[in-house]
Amino acid sequence: MARRGRFRRIGAFEVGNTLLMLAVCFLTLYPMWFVLVNSLNSPAQASLGTVNWFPKELSLASYSVAFNDKTLMNGFYITTMRTVIGTVVHVLFTAIVAYGMSKSNLMGRKLYLKISLITMLFSGGLIPSFILMTKLGLYDSFWVFIIPSMYTFFNMVIFMSFFRTIPDSLEESAKVDGASDYGVLFRIVLPNSMAVIATISLFSAVYHWNDYYQGVIYIHSQELLPLQTMLYKIIAENSMSFMQQQAMAQFGARLPGNSIKFASMMVATLPILIFYPFIQRYLVKGVMIGAIKG
Amino acid sequence: MFQYRTEQMKALVRQWQLQSMVIPGIIWMFIFCYIPMFWLIIAFMDFSIAKPMLESPFVGLKHFQDFMTDDRFWRSIRNTLGMSTIKLVLGFPIPILFALLLNEIRGLRFKRTVQTISYLPHFIAWTIFGGIALNWLGEGGVINQLMMAIGFQDREILFNSDPKYFWWITFFTDTLKETGWSAIIYIAAIAGIDPGLYEAAELDGANRWQRMWHITVQSIRPTIAILFILAVSGILGSNFEQIFMLKNNMNMKMAESLDLYIYNMGLVSGRHSFSTAVLFARSIVALGLLLLANQTSKKLTGDSIF
């Protein structure tokens, strides 16, 4: 403990604890490393499923199959689109509602908060939501990824409490210059809220990128399936696209799907792994704000 | 009275911009939260999705009686409670222990690196994480190789298709994926403890474990209580994304949780009213559990959510 700032002997506890922490890191990182190594292995090697620290025969064959697979790449496109559109819509919509709610002189504010709180305690659940989506024409539509997740009360509260910390004097000077409420929001408040915007955007983006459940439940057409739902089908249901089957026949491996599965998994995870070191502090900040409010 | 109303109307008109910001949010909530609540009423009907709701006949508690006499429903209750209990009894203390031990690490840089790495899996999709688990637990997978190498088993075990392993697989994969993330809140609570308390305890001759127990654990007790209340009230829920990924036809009899049962009955078999009856009953029991857990915690520890 640095803060006690006193020199102390390094005992057995310190050694054991450090080793334990290293073990935690290993257990956390090794599964991803395993996928990376096997996706870079030649398909025949990967099919053996043996534990390797490095690829035995370095090969990009599986990646070339994954990147040439039109269905998979379409899934990649759908996922990218829903991540970008879904995040922008969620942040804009939620922030606008939150700005209105952050004003104490807003008429009906208490009523609006009560209406919102009830939704935290009760909800319809899977079947009523499914019926609703069907009736709204959102079943098997791209917008099912965007509209039902464009707002959450939780993120609204995070935005709202942040907006309340912005000094009134900033907003007032703009008002004196004749700016409307929307003008103040877009020209003064949002540019001063970049930290909270970053946090909420990242949570929303990670949700959209990783979600496979919406695709399983609400999407029927192949060309609207997000990448993660495709992965679910490839991994859990063992279904293969036509391209993959052809590729497998070509490689003629014993359990040929493995390296292609791993390469597809890597393609779906790389964006998260690449950005993770840069974004993780925003993500932690987000859970802190959430914890204080909740 | 009339005067007062017109004043209010004028004020409302003056703040039309603010109102126009908030009202879309209220409309969204009305459509996506309140209408589904209203649709719960089909639990008492023979609803068909092709017809308008009001044309469906009321059948009273028929669907409730049906699921109460369905063995598969009770099996799903058993599976849900089994998995939740393991998670609660064995899983709940793990992030607390991790936070306590991480707090004892002196090197600030090492501590931060371990923490950053520990919550990485939280951001990996269940498709990926579950995919790795299925691969490792499968025939010729890493787990079988490891167990045979250290002599714990003499032949391959098909962990994925033998139902008796399913609960434990969900427990271990969940622990691996979420421990670091769940620990964040405890780590934050520990960071807020007054360092003076530790110094005082040290002067009084308290050893490491005594400090850990009497200062750290006691200081974060309210956090622990709140998370415990939430965990207990969520006992009838399960991690659908996880179970859906790891289940298969062979392990279904231990894998079908209440969530999965509702999904299978409602969306696979198309029994919308029946499934909604199960949903309805569950949300009432869950609300009761939340209140019960809250009261119990208030009595025992003085800490509660409301």
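A few notes on this one:
- For B:GLY151, the test of being more than 12 Å from chain A (Cβ to nearest Cβ), of a type in the set (Gly, Ala, Ser) and more than 23 Å from B:GLY82 (Cα to Cα) is passed.
- Matching residues in region A:17-58 - criterion: being within 10 Å of chain B (Cβ to nearest Cβ) and in contact with a Phe, Trp or Tyr (Cβ under 6 Å, 6 or more places away or on another chain): A:VAL35, A:ASN38
- Across region B:13-43, the qualifying residues are those that are touching a residue at least 24 places away in the same chain (Cβ under 8 Å) and in contact with a Phe, Trp or Tyr (Cβ under 7 Å, 6 or more places away or on another chain), and the one among them that is surrounded by the most Cβ atoms within 10 Å (Cβ to Cβ) is B:ALA43.
- Selection count where residues are exposed (fewer than 15 other Cβ atoms within 10 Å of the Cβ), within 10 Å of chain A (Cβ to nearest Cβ) and aromatic (Phe, Trp, Tyr), scope region B:175-226: 1
- Restricting attention to region B:257-295 and to residues that are among the hydroxyl-bearing types (Ser, Thr, Tyr) and outside any helix (DSSP H, G or I), the residue that is surrounded by the most Cβ atoms within 10 Å (Cβ to Cβ) turns out to be B:SER257.
For (1) in contact with a helix residue (DSSP H, G or I) (Cβ under 7 Å, 6 or more places away or on another chain); (2) part of a helix (DSSP H, G or I); (3) modelled with pLDDT under 75; (4) within 26 Å of A:TRP143 (Cβ to Cβ), each residue gets a yes or a no:
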| residue | (1), (2), (3), (4) |
| --- | --- |
| A:VAL189 | yes, yes, no, no |
| A:ALA198 | yes, yes, no, yes |
| A:HIS208 | yes, yes, no, yes |
| A:TYR232 | yes, yes, no, yes |
| A:PRO277 | no, yes, no, no |
| A:GLN280 | yes, yes, no, no |
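- In region B:35-97, counting only helices (runs of 4 or more DSSP H) that sit wholly within it, the ones holding 2 or more residues that are more than 14 Å from every other protein chain (Cβ to nearest Cβ) span B:62-68, B:71-86.
- Region A:123-154: number of residues that are assigned to a loop (DSSP other than H, G, I, E, B), at the interface with another protein chain (Cβ under 9 Å from one of its Cβ atoms) and touching a helix residue (DSSP H, G or I) at 6+ places or on another chain (Cβ under 6 Å): 4
- Any hit, region A:185-206, residues being free of Cβ contacts under 8 Å to residues at least 60 places away in the same chain and closer than 29 Å to B:LEU279 by Cβ: no
- Answer residue from region B:130-143, given it is part of a helix (DSSP H, G or I) and touching a Leu at 6+ places or on another chain (Cβ under 8 Å) and is nearest to B:GLU241 (Cα to Cα) among those: B:GLY130
- Checking each residue in region B:148-183 for being of a type in the set (A, V, I, L, M), at pLDDT below 90 and within 31 Å of the chain's Cα centre (by Cα) picks out B:ILE157, B:LEU158.
- Contact annotation: no residue pair with Cβ atoms under 8 Å, 6 or more positions apart or on different chains, pairs a residue in region A:256-283 that is facing chain B (nearest Cβ under 7 Å) and in contact (Cβ under 8 Å) with a residue 24 or more places away in the chain with a partner that is hydroxyl-bearing (Ser, Thr, Tyr) and outside any helix (DSSP H, G or I).
- Taking region B:168-242 and the helices (runs of 4 or more DSSP H) fully enclosed by it, the elements with 2 or more residues that are out of contact with any Asp or Glu (no Cβ under 9 Å at 6 or more places or on another chain) and within 30 Å of B:SER257 (Cα to Cα) are at B:221-233.
- Residue in region B:11-27 that is facing chain A (nearest Cβ under 7 Å) and not in a helix (DSSP H, G or I) present: yes
- When B:LEU236 is tested against the conditions (1) farther than 21 Å from B:TRP126 by Cα; (2) of a type in the set (A, V, I, L, M, F, W, C); (3) surrounded by fewer than 21 Cβ atoms within 10 Å (Cβ to Cβ), the lone failure is (1).
- Selection within region B:119-138 - crowded, with 21+ Cβ neighbours inside 10 Å, in contact (Cβ under 8 Å) with a residue 24 or more places away in the chain and closer than 19 Å to A:ILE274 by Cβ: B:TYR119, B:PRO121, B:ILE124, B:THR127, B:PHE129
- Inclusion of A:PHE145 among residues that are among the aromatic types (Phe, Trp, Tyr), at pLDDT below 95 and either over 22 Å from the mean Cα position of the chain (by Cα) or surrounded by 20 or more Cβ atoms within 10 Å (Cβ to Cβ) (or both) is not warranted.
Quick grid of which residues meet (1) among the β-branched types (Val, Ile, Thr); (2) more than 30 Å from B:LYS111 (Cβ to Cβ):
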| residue | (1), (2) |
| --- | --- |
| A:PRO31 | no, no |
| A:ASN41 | no, yes |
| A:ALA61 | no, yes |
| A:ILE96 | yes, yes |
| A:MET107 | no, yes |
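- Single match in A:MET107, A:MET101 (criterion: within 11 Å of another protein chain (Cβ to nearest Cβ) and surrounded by 22 or more Cβ atoms within 10 Å (Cβ to Cβ)): A:MET101
- The residue that is nearest to A:THR28 (Cα to Cα), counting only those in region B:150-174 that are surrounded by 17 or more Cβ atoms within 10 Å (Cβ to Cβ) and polar (S, T, N, Q), is B:THR173.
- Annotation: A:PHE159 fulfils all but one of (1) in contact with a Ser or Thr (Cβ under 9 Å, 6 or more places away or on another chain); (2) over 19 Å from B:GLY25 (Cα atoms); the unmet one is (2).
- The number of residues in region B:186-219 being touching a Ser or Thr at 6+ places or on another chain (Cβ under 6 Å) and closer than 30 Å to B:THR80 by Cβ comes to 1.
- Residue list for region B:55-98, filter: surrounded by fewer than 16 Cβ atoms within 10 Å (Cβ to Cβ) and polar (S, T, N, Q): B:GLN65, B:THR69, B:THR85
- Contact map, region A:166-181: residues that are within 14 Å of chain B (Cβ to nearest Cβ) paired with residues that are charged (D, E, K, R), Cβ distance under 7 Å, separation 6+ or inter-chain. Pairs shown: A:ALA174/A:ARG187; A:ALA179/A:ARG187.
- Extreme residue, farthest from the chain's Cα centre (by Cα), among residues of region B:256-278 that are within 7 Å of another protein chain (Cβ to nearest Cβ) and over 14 Å from B:ILE77 (Cβ atoms): B:HIS272
- Residue in region B:239-247 that is touching a residue at least 40 places away in the same chain (Cβ under 8 Å), acidic (Asp, Glu), touching a Lys or Arg at 6+ places or on another chain (Cβ under 9 Å) and crowded, with 18+ Cβ neighbours inside 10 Å present: no
The values are calculated or read from the model by the stated rules, or taken from the named source; none is laboratory data. Remember, it's a predicted structure, so these values are computed and weren't measured experimentally. FYI the Cβ positions are ideal-geometry reconstructions off the backbone, even for glycines, and counts take in every protein chain you see.
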